[in-house]
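The values are calculated or read from the model by the stated rules, or taken from the named source; none is laboratory data. Note that the structure is predicted; figures quoted are calculated from it, not measured. Reconstructed Cβ throughout: ideal geometry from the backbone, glycine too, with neighbour counts over all protein chains shown. For the accessible areas, the whole protein counts, side chains as well, though only heavy atoms, and no ligand, DNA or RNA atoms are used. Shrake-Rupley method; radii C 1.70, N 1.55, O 1.52, S 1.80 Å.
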Amino acid sequence: SATGVTVGSVLVLDQQDDPSDTGGVYISCSSIASLEECPGTRTGRSQQQMVKVVSVSGNVVTISPGLHMPNWRSARQPQVWWWGDSAEMNGVEDLTLDHTTGTETSGIGFRNAYRNWVRNVRSLNSNRNHIWVYRSARIEVRDSYFYGTKNATTLSYGVESFMTSDALVINNIFHHVSRPIMMGPAAGGVYAYNYMVDMYYTSPANWMNAGINGSHDSGTGMNLFEGNVGTGFLMD
């Protein structure tokens, strides 16, 4: 049934985790597959992708973009849900945000958002992250400068994506940020031509740096990293 699905809606596609390793793409948040907690809104459905409805004809719904991962299949009972209204076409541009004395979690946050952007922003000394892209799609972060975090340890990020599709993070400078890019379950993103320097990290003390990328949680795949400059690349 396509009841309630309308053109322009943003849908969340998901499917059940794999019960065992089949030798192909294996996605599971079980203890043998992932050190992190199970991600997402619906437990046991780590693989997700956000898409937009472009047409509805009877019970046939056409979406854009197409499926990123090659392992969608009926055996894992794929389903669709949606979050309701979306924040769409909002931009944050040409300003400085100084969080040094603030108590906020994020510098800029996107939630239930589609096609929004940050451009030419300077963000200083944020708490958990400078930008949090949470359950959103097609968010663009470009041409910006991010300096410092309050803790310089775990949960100290630049751009953090969690339950995200088709993000574009490009041509930014991350300075004195422990983990410039953090990805939870994310698909179809592009992280390109970012410059990352002095990735200061205090705990554990024997870490030289935390790497330009962290990829927590099961369900992350089909993302492009290109032309970034940093001191290391790590994936959980």
Would you please list the contacts, defined by Cβ atoms under 7 Å and residues six or more apart or on different chains, that run from a residue in segment 21-34 that is open to solvent by 40 Å² or more (accessible area, probe 1.4 Å) to a residue that is at pLDDT 80 or above? G24/N71; V25/M69; V25/P70; V25/N71; Y26/D18; A33/Y26; A33/S218
What pairs can you find where one residue is in segment 63-74 and more than 17 Å from D17 (Cα to Cα), the other is open to solvent by 40 Å² or more (accessible area, probe 1.4 Å), and their Cβ atoms are less than 8 Å apart, with a gap of 6+ or different chains? I63/V54; S64/V54
Can you find a residue that is more than 20 Å from the chain's Cα centre (by Cα), open to solvent by 70 Å² or more (accessible area, probe 1.4 Å) and not hydroxyl-bearing (S, T, Y) anywhere in segment 86-97? yes
Residue under question is W132, and the condition is that it be modelled with pLDDT under 95 and of a type in the set (A, V, I, L, M, F, W, C); does it hold? no
Of all residues in segment 189-203, which are under 14 Å from Y147 (Cα atoms) and among the aliphatic types (A, V, I, L, M)? M196, V197, M199
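Residue by residue through segment 91-107, note down the ones that are assigned to a strand (DSSP E or B), within 24 Å of G219 (Cβ to Cβ) and of a type in the set (V, I, T).
Of segment 91-107, the ones assigned to a strand (DSSP E or B) are 91-98, 106-107.
This time we only want the ones that are within 24 Å of G219 (Cβ to Cβ), so: 106.
Answer for segment 91-107, where residues must be assigned to a strand (DSSP E or B), within 24 Å of G219 (Cβ to Cβ) and of a type in the set (V, I, T): there is none.
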If we scan segment 110-127, do we find a residue that is open to solvent by 20 Å² or more (accessible area, probe 1.4 Å), in a strand (DSSP E or B), under 20 Å from G232 (Cα atoms) and modelled with pLDDT of 95 or more? no
Members of segment 128-145 that are of a type outside the set (F, W, Y) and assigned to a strand (DSSP E or B): N129, H130, I131, V133, R135, S136, A137, R138, I139, E140, V141, R142
